[in-house]
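Shown next, in structure tokens, is the structure this report addresses.
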Amino acid sequence: MAQPNHFSLFGGFTSGGEQSGDGRESAAFTVGLDYERRLSPRWGIGVMGDWAFGDRREYILAAPVFLHAGSAFRFHLAPGVERFREGAPKDANSEFLVRTGVAYNLYFDSIALTPSLSVDFVHGEQLYVLGVAIGWSY
């Protein structure tokens, strides 16, 4: 089995659902952290958080379940919560979300470079999170 702990720093963009002033979808620069604890060679659990620097979303916190397919592909399903900025065009300040996604780990010893694509299902919208993480296994 791979090392049981994995910590990653993420950088990318969140797009979809948000509208800029001219009616086009805007993409918000996004940074994040995630931690995974491997329970077996195929399964892991963890915690993840993303901060988007857009007009509406402030951050998400989620508790993912990870499924590893082979040595490189990783799928995740994560229930969580999205927190909105003050003045966001929503009635509530936070809402339940479900994040699902896929990542591909490129390993260099204990370091992984991981491109990923996730889809957040929240308040009737789909938000797409695309980026790259650098992670360390220990």
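The values are calculated or read from the model by the stated rules, or taken from the named source; none is laboratory data. Since this is a predicted model, take the numbers as computed values, not measurements. Don't worry about glycine lacking a Cβ; one is built from the backbone with ideal geometry, like all the others, and counts go over all protein chains shown. Note: areas computed on protein heavy atoms with side chains; ligands, DNA, RNA excluded. Shrake-Rupley method; radii C 1.70, N 1.55, O 1.52, S 1.80 Å.
Observations, loosely collected:
- Solvent-accessible surface (1.4 angstrom probe) belonging to L67, in square angstrom, nearest 10: 50
- Accessible surface ranking for F66, F13, 1.4 angstrom probe, highest first: F13, F66.
- Solvent-accessible surface of the chain, taken per residue with a 1.4 Å probe and all protein chains present: 53 Å².
- Inter-label distance, R83 to S110: 3.1 nm, where each label sits 7 Å from its Cα along the C-beta direction.
- The charge dipole of the chain, taken about its Cα centre with unit charges on the Cβ atoms of Lys, Arg (+1), Asp and Glu (-1) only, comes to about 480 debye.
- Each other residue within a Cβ distance under 14 Å of H68 adds +1 if Lys or Arg and -1 if Asp or Glu, for a net charge of +3.
- Solvent-accessible surface (1.4 Å probe) assigned to W43 amounts to roughly 120 Å².
- Ligands, DNA and RNA excluded, the heavy atoms of Y128 present near 100 Å² of accessible surface to a 1.4 Å solvent probe.
- Taking region 28-138 and dividing mean pair separation by its residue count, relative contact order in percent (alpha carbons under 8 Å, at least six apart): 16
- FRET efficiency, E125 to R37 (Cβ-Cβ, R0 25 Å, nearest 0.05): 0.25
- Selected from A52, A27, A72 as most flexible by GNM, with the chain as the system and alpha-carbon contacts under 10 Å: A72
- Accessible surface of the chain, 1.4 Å probe, proportion on carbon and sulfur as whole %: 64
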